[in-house]
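The values are calculated or read from the model by the stated rules, or taken from the named source; none is laboratory data. Keep in mind that this is a model prediction, so the values were computed, not measured. Glycine also receives a Cβ, built like all others from the backbone with ideal geometry; neighbour counts cover every protein chain displayed.
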Ligand SMILES: NC(=O)c1ccc[n+]([C@@H]2O[C@H](COP(=O)([O-])OP(=O)(O)OC[C@H]3O[C@@H](n4cnc5c(N)ncnc54)[C@H](O)[C@@H]3O)[C@@H](O)[C@H]2O)c1
C-alpha cells in the first residue's frame, strides 16, 4: 500500500518522506515547488528522495481538485494521507492572503475530498494526518499552550487558515468517518530548514557578519523542536488513527512541540558557538503583540502517541549549522 504525502519538497515533508521510505513504505509525493522561498532548496531536498525506488513524485498544485482526485484514482493502493504542504509563514500572510486561501483552505478541502474518495474503496482511508500550527493559539496568554484552550482568536490570517483546517477536518471526520489527526507544530528546526525562520536567518547573518535584531533585551523564551522529533510524532499519528475523538467523530488535534522553553540569548549563544563567530546584536524594545514565552503542553501527545522529544538545541543546532555550511559551501 502507499502513502500520499503533500509538501514532499518542503522541510518537514522531505524529512517525513525519508523516514517513511526508510521503514519500507511506498510514498507518492506531491508539491508545486512554489517560490515562497528559493525553489532550488526544494529541488535539492527532492533530490535526496529521488534515489529511492519506492518514491514517486508528481509536481502538482493540490488546490487543483481534478488533478488530485485523478492521482488518487490512478493509484488505488493509496490508503493513507500525510498532508504537510501549505502556504507557511505568519508575516507573508499579511502580504499575500489569497495564497493562504488557495493552499490552506481549498487545498485542505481537496485533500479531504481525496480521503473521502478513498473511503469508497476496499482499502479505505486508514489515516489522514495534516499539519496545523501553534499559531492557532493566537491571543492566548496562558502557558503552556494546551489543546484544551480556546483557539478562536487567531492573530494572523495564517493562524486563521490553520484553525479553519482543523474545523474542516472535524466536519469530514463526522460526515465520512475519516480517521484524522491535526498536529499543531511549534517552531521546527534542523538540517534542510526553512530560510524564512529564525535558526536559518540568525545563522546566515552571524556567518556573514551582519547585525541581528533581538527584542526586549533577549528576555524571551521559545519552544524549538528538532525535525527528527517532529517526524517521529507525525509517523506516530499516522500509525495511531483515532477511533473516536471530538463529539464522537474520529478526529483529534495534538500539540507537537518541546515543552522546554529556551531563553533567546541561550539559543543565540548555541548558534554562535556552532558558527564559531560572535553575533552582532541590535537590541530593540518589545514589539507590540510579542509574547515573552511560548511553549507546548504535550501531555496528551505523550499519552496517546508516545511522543517524547529528545533532541536539545545543544545537539540540534550544531547539526543544522553543519548542514548550512555544507549546503552553502561556507
Ligand atoms: N516549520 C515549522 O516550524 C512549522 C510550524 C508550524 C506549522 N508548520 C506547518 O507544517 C507544514 C510543513 O511546513 P514546512 O516548514 O515543511 O514548510 P515548507 O514551506 O518548507 O513546505 C511546504 C511545501 O508545500 C508546498 N506547497 C504550498 N502550497 C502548495 C500547493 N497549493 N500545492 C502543492 N504544494 C504546495 C510548498 O512548495 C512547500 O514545498 C505546513 O503545513 C506548515 O504550515 C510548520
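Data table
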| read-out | value |
| --- | --- |
| Residue match in the stretch 176-198 (condition: surrounded by fewer than 23 Cβ atoms within 10 Å (Cβ to Cβ) and away from the ligand (no atom under 15 Å from the Cβ)) | yes |
| Test: residue 231 is modelled with pLDDT of 95 or more, surrounded by fewer than 17 Cβ atoms within 10 Å (Cβ to Cβ), within 16 Å of the ligand (Cβ to nearest atom) and over 30 Å from residue 281 (Cβ atoms) | no |
| Subset of the stretch 164-175 that is within 14 Å of the ligand (Cβ to nearest atom) and buried (at least 23 other Cβ atoms within 10 Å of the Cβ) - its residue that is farthest from residue 90 (Cα to Cα) | 169 |
| Lone unmet requirement of (1) in contact with a helix residue (DSSP H, G or I) (Cβ under 7 Å, 6 or more places away or on another chain); (2) part of a helix (DSSP H, G or I) for residue 192 | (2) |
| Boolean, residue 35 is free of Cβ contacts under 8 Å to residues at least 12 places away in the same chain and either within 9 Å of the ligand (Cβ to nearest atom) or in contact with a helix residue (DSSP H, G or I) (Cβ under 9 Å, 6 or more places away or on another chain) (or both) | yes |
| Some residue of the stretch 238-245 being out of contact with any helix residue (DSSP H, G or I) (no Cβ under 8 Å at 6 or more places or on another chain) and within 17 Å of residue 90 (Cβ to Cβ) | no |
| Helices (runs of 4 or more DSSP H) fully within the stretch 73-130 counting 3 or more residues that are away from the ligand (no atom under 16 Å from the Cβ) and under 14 Å from residue 166 (Cα atoms) | none |
| Filter result for the condition that a residue is within 12 Å of the ligand (Cβ to nearest atom) and either more than 16 Å from residue 114 (Cβ to Cβ) or in a strand (DSSP E or B) (or both), over 17, 8, 47 | 17 |
| Residue under evaluation residue 202, criteria (1) within 23 Å of residue 16 (Cα to Cα); (2) within 16 Å of the ligand (Cβ to nearest atom), criterion not met | (1) |
